[in-house]
Amino acid sequence: MRKFISIYCCILFTTLVNAQAPALMQSDSLQRYIEAAMKAWRIPAVAVCIVKDGKIVHQQAYGVANIGTKQSVNVQTVFPIASISKTFTGTLF
């Protein structure tokens, strides 16, 4: 019985892994979601880029780079990431 359950779980896992990824959110619903998250978490600016199959399918910046001057962000705005790069490096290696 234990072997049967293990085999079943392996088959189920491989089926789920190979399943097609869900379609990306529509642009307007994605925009609403991002704006709501920014408001809820008090994030002044964010840049979003969604890449699928090596091609950019959505790229947009939201918010302001400088709250005092109300300078808007764009997709070229550089954001300081502080020590978060350590997390990425640790995850990759």
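Is it the case that some residue within the range 44-55 is modelled with pLDDT under 90, more than 16 Å from the chain's Cα centre (by Cα) and among the aliphatic types (A, V, I, L, M)? Looking through the range 44-55, none of the residues is modelled with pLDDT under 90, more than 16 Å from the chain's Cα centre (by Cα) and among the aliphatic types (A, V, I, L, M). Applying the condition of being among the hydrophobic types (A, V, I, L, M, F, W, C), part of a loop (DSSP other than H, G, I, E, B) and within 18 Å of the chain's Cα centre (by Cα) to the range 75-93 and asking which residue is nearest to Cys49 (Cα to Cα) yields Val75.
Taken as a whole, the range 63-74 holds at least one residue that is within 19 Å of Ser29 (Cβ to Cβ) and either under 19 Å from the mean Cα position of the chain (by Cα) or surrounded by 10 or more Cβ atoms within 10 Å (Cβ to Cβ) (or both). Residue-level analysis places Ile34 outside the set of residues that are at pLDDT below 80, of a type outside the set (S, T, N, Q) and not in a strand (DSSP E or B).
The values are calculated or read from the model by the stated rules, or taken from the named source; none is laboratory data. As the structure is a prediction and not an experimental result, all values here were calculated from the model. Using ideal geometry, Cβ is built from the backbone for each residue, glycine included, and neighbour counts are taken over all protein chains shown.
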